[in-house]
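The values are calculated or read from the model by the stated rules, or taken from the named source; none is laboratory data. Predicted model, so just to flag it, every value in this text is computed and none were measured. Cβ sites come from the backbone with ideal geometry, for glycine too, and all protein chains shown count toward neighbours. Each accessible area value is taken on the protein alone, full model and side chains, heavy atoms only, with ligands, DNA and RNA left out. Shrake-Rupley method; radii C 1.70, N 1.55, O 1.52, S 1.80 Å.
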Amino acid sequence: IIDAFSPVECERLNAAFAVLDAEDGGLVAGRFDAKVRQSSLVWLPEGEAFDWVAQRLVRLAGDANRDTFRFALDGFEEQLQLALYGPGHYYNWHIDRGRGAVAGRRKLTLSVQLTDPLSYVGGELELNADGHPFQSPRDQGAMVIFAAHTLHRVAPVTSGNRLSLVTWIHGPDFV
């Protein structure tokens with residue numbers, strides 16, 4: 001979805017990352033493995049300041065689910081995440097649906113590109129749903145929505161910084 005967020009809105013989220021306490025990016029269930037992921041992240045606090053972000057994501061994801069996926073969904077169970085990938089940072093091939101009470105209910109992944117694509121090199125979000133990897137749009141404000149069981153990665157960043165907004169929508173088990 002090109003222009004899901006305006007450049008001004010992206011800059012508001014970039015500024016939020018700068019003032020919130022960043023931590024090392026981990027894996028599902030609080031695990032860390034630098035061979036799989038190197039990044040910094042913050043969790044957006046819930047409340048009035050970022051309600052506009054959640055409302056936008058709900059509307060766009062609802063439309064995409066109705067038009068494309070048709071999954072049974074019942075809400076967001078995790079805070080919104082801002083993930084920063086600087087030089088040498090990456091996230092190797094993985095899926096977002098994991099084990100556990102929350103990660104095991106992930107159905108859709110939403111990723112919004114918050115950085116001007118001319119300000120960094122590398123860092124492509126690549127999806128591999130069918131054995132043929134492809135790059136998602138790098139336009140600032142573009143959002144990609146995909147099934148949480150889709151294999152994907154963030155390629156290594158070689159210069160600059162790439163910031164994205166990521167969250168998941170949950171639902172009952174597939175049957």
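Scanning the range 146-175 for residues that are buried (at least 21 other Cβ atoms within 10 Å of the Cβ), more than 19 Å from TRP93 (Cβ to Cβ) and polar (S, T, N, Q) turns up just one, THR167. Of everything listed in (1) within 22 Å of PRO45 (Cα to Cα); (2) in a loop (DSSP other than H, G, I, E, B), the single unmet condition for SER111 is (2).
Condition check: in a loop (DSSP other than H, G, I, E, B) and more than 25 Å from ALA22 (Cα to Cα). Does LEU73 satisfy that?
So LEU73 fits the description; yes.
Among the residues that make up the range 124-145, is at least one of them more than 14 Å from the chain's Cα centre (by Cα) and open to solvent by less than 40 Å² (accessible area, probe 1.4 Å)? Yes, the conditions are met somewhere in the range 124-145.
Of the residues in the range 102-115, at least one is buried (at least 18 other Cβ atoms within 10 Å of the Cβ), in contact with a helix residue (DSSP H, G or I) (Cβ under 6 Å, 6 or more places away or on another chain) and modelled with pLDDT under 95.
Is at least one residue of the range 21-30 surrounded by 14 or more Cβ atoms within 10 Å (Cβ to Cβ), of a type outside the set (Ser, Thr, Tyr), in contact with a Phe, Trp or Tyr (Cβ under 6 Å, 6 or more places away or on another chain) and at pLDDT below 85? Within the range 21-30, one or more residues are surrounded by 14 or more Cβ atoms within 10 Å (Cβ to Cβ), of a type outside the set (Ser, Thr, Tyr), in contact with a Phe, Trp or Tyr (Cβ under 6 Å, 6 or more places away or on another chain) and at pLDDT below 85.
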